[in-house]
1. For the chain, what is the mean residue ellipticity at 222 nm derived from helices alone (per DSSP H run of n ≥ 4: -39500 (n - 2.57); sum divided by total residues; nearest 500 deg cm²/dmol)?
2. To the nearest 20 debye, what is the magnitude of the charge dipole of the chain about its Cα centre, counting +1 on the Cβ of each Lys and Arg and -1 on the Cβ of each Asp and Glu?
3. Would you list, by chain and number, the lysines whose Cα falls below 18 Å from the Cα of Lys72, excluding same-chain residues fewer than 8 positions away?
4. Compute the distance in nm between two label points, each set 7 Å from the Cα along the Cα-to-Cβ direction, one at Val76 and one at Ile7.
5. About its Cα centre, how strong a charge dipole does segment 59-102 have in debye, to the nearest 20, once Lys and Arg get +1 and Asp and Glu get -1 at the Cβ?
6. Which percent of the Cα-Cα distances in segment 14-54 go past 16 Å?
7. For the chain, rounded, prolate or oblate, judged on the Cα gyration tensor with a ≥ b ≥ c (square roots of eigenvalues), a/c < 1.5 rounded, else prolate if a/b > b/c?
Amino acid sequence: MALKDDIDIPLVSALGFVTTAIVVCVVIGTEALFYKVEKDFSDKRYETLEATNDTTVNPRLVWANQIEDNKKYAWVNPEKTHAQVPLDVAIKKLAENNGVKPK
């Protein structure tokens, strides 16, 4: 029996394409599964933390409180020498003064 020296280019190309498609599907499927499991795990963890309703432990409540604090005007110290202003107002003032802090 004689050996065949020719390479079947269409067959090799088809096998390469199919193999690449399978590898891509496996990688995407594995990544999707990882993100789903990670999300389910974090949701369970946050549900447990939210049930305690403790703002020192629950990151979502801490962030919500910080966001609310960043939207209001207030005095930072009792001597009333430093004021807290909303972040968007502070950015506008800096932009109006070319980055120089207003006095």
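1. On the way: 3 runs with 65 residues, N = 103.
My calculation for the chain gives -22000 deg cm²/dmol from helical runs alone.
2. Details: 13 positive and 15 negative charges, 166 e Å.
With Lys and Arg at +1 and Asp and Glu at -1, about 800 debye.
3. Lys80, Lys92, Lys93
4. 6.9
5. Working: 7 positive and 5 negative charges, 8 e Å.
Value, rounded to 20: 40 debye.
6. On the way: 465 of 820 pairs.
Within segment 14-54, distances greater than 16 Å cover 57 percent of Cα pairs.
7. Details: a/c = 7.99, a/b = 2.36, b/c = 3.38.
The shape class here is oblate.
Any read-out appearing in this document is the output of simple, stated calculations on the displayed coordinates, not a laboratory observation. Only a predicted model underlies this, so the values are computations on that prediction, with no experimental measurement involved. Backbone-built Cβ (ideal geometry, glycine too); neighbour counts: all protein chains shown.
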